[in-house]
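A short write-up of the structure that comes next.
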């Protein structure tokens, strides 16, 4: 920490510039991949192409005050399982995303301070491949006694029906 009457050292002034140069050097020196020209897939290769499922979840919480507590959790799961009795290479796909955020801010009744605040944000989404797809989503916020909790989920199920 720099005291009020101290001057920042030259190293502290140059740190952002040095970081920028180092980042640029790492990007410039990283190896590039060359895949070559596109290749046409055969029918048997195309029969095995399956997009699967994707699930995304984000959560954020903020609180301000003498007491400020926040907590967030996110979980995602994607599953691809073979479908016996259906064309080889086609599968059932499931994507699940869950997010939770909790926050509280308090000044313990001290009105001389800036008012305490708290907020949460949770988003979830998912998509599954198939010609029969079901998606369910939900999101709810609850605020009780200065504590805000928000939860969200998404479930996406995709299946190939021939």
Legend entry - In the range 98-133, the residues that are closer than 24 Å to residue 80 by Cβ and loosely packed, with under 12 Cβ neighbours inside 10 Å: 131, 132
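Sort out which residues of the range 62-80 are closer than 30 Å to residue 112 by Cβ and part of a strand (DSSP E or B), and write them in order of number.
Of all residues in the range 62-80, those closer than 30 Å to residue 112 by Cβ come to 62-71.
62, 63, 64, 67, 68, 69, 70, 71, listed by residue number.
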Inset, instruction - Could you run through the range 73-109 and say how many residues are closer than 30 Å to residue 145 by Cβ, in contact with a strand residue (DSSP E or B) (Cβ under 7 Å, 6 or more places away or on another chain) and free of Cβ contacts under 8 Å to residues at least 40 places away in the same chain? - result: 3
Inset, instruction - Within the range 33-52, identify whether any single residue is surrounded by 15 or more Cβ atoms within 10 Å (Cβ to Cβ), closer than 29 Å to residue 124 by Cα, out of contact with any helix residue (DSSP H, G or I) (no Cβ under 8 Å at 6 or more places or on another chain) and modelled with pLDDT under 85, and answer yes or no. - result: yes
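The values are calculated or read from the model by the stated rules, or taken from the named source; none is laboratory data. What you see is a predicted model; the values in this text were computed from it and never measured. We place every Cβ from the backbone using ideal geometry, glycine too, and count neighbours over all the protein chains shown.
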